[in-house]
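Worksheet: the structure to be examined is printed underneath.
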């Protein structure tokens, strides 16, 4: 039987299905794009940073130049700020190209914040701020080590924890992928011997940040390992 003689398809009964409604599909696609955009950016920036700045779970961006002239630190135009950047994977899965993968806990050691202004901004996979360490929020006169943990870490729901005799404040994130951006104030217009200069702040503050796995920190006698944390 030809097409002309084919029986007409029966008319659908009931209200239109939202599964095939073009307007509903368009709205669903728009919502999916909105929710997925931030995680997609973080994942893409993690891959880019691993190539250009530092491997995953390591600090990158030497503080020897202000951000405006230091693309290794981060993409920023500031002439009075030094940046350190780290893209973090706390899933516990091994990460190719770095010995710092395969962990759910990292130890961030920060210098005293009373003399030089800095802020450590912690962002989750949706670029929500999950924590802030530094002069404004955690002023200190001594170096401090924080335990940074992912959502599946055994320490994820603790505020402080003592492990092998060493007590940490816990900084927990609700996603495995995390972005840590550290901003340190410096003056690029003063002589190098000025305490506020880029060179002075690099020596007094930038080089005193360390980022190690919990196992590395413990094997070093519960102390940070500085030389291998910044690229």
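None of the figures in this text is laboratory data; all of them are computed from the coordinates on show. Note that the coordinates shown come from a computational prediction; the quantities given were computed from them, not determined experimentally. Note that each Cβ is placed from the backbone with ideal geometry, even for glycine, and that neighbours are counted across all protein chains shown.
The table for this structure:
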quantity: Ranked list, fewest to most other Cβ atoms within 10 Å of each Cβ, for 211, 45; calculated: 45, 211
quantity: The chain - share of DSSP beta bridges that are antiparallel (%, nearest 5); calculated: 85
quantity: Ordering of 29-36, 162-169, 83-90 by packing [mean C-beta count within 10 Å, highest first]; calculated: 83-90, 162-169, 29-36
quantity: The chain: relative contact order in percent, alpha carbon pairs under 8 Å with at least 6 residues between; calculated: 21
quantity: Rounded to whole Å, sorted largest first: equivalent-ellipsoid semi-axes of segment 63-169, Cα gyration tensor; calculated: 25, 20, 13
quantity: Amide N of segment 134-170 lying under 19 Å from the label point, which is placed 7 angstrom from the Cα of residue 93 along Cα→Cβ; calculated: 149-154
quantity: Top of 96, 196, 172 by mean-square fluctuation, Gaussian network on the chain, Cα under 10 Å; calculated: 96
quantity: Gaussian network model of the chain, springs between alpha carbon atoms under 10 Å - residue of 111, 22, 39 with greatest fluctuation; calculated: 22
quantity: Helix 22-52 vs. the chain, principal-axis angle (Cα, 0 to 90°, nearest 10); calculated: 30
quantity: Percentage relative contact order, segment 78-172, counting C-alpha pairs under 8 Å, at least six apart; calculated: 23
quantity: Most fluctuating residue given options 150, 97, 131, as computed from a GNM of the chain linking Cα atoms under 10 Å; calculated: 97
quantity: Descending semi-axes in Å of the chain, equivalent ellipsoid built from Cα gyration tensor; calculated: 46, 22, 16
quantity: Euclidean distance between Cα centres, segment 41-61 to segment 121-147, Å; calculated: 19
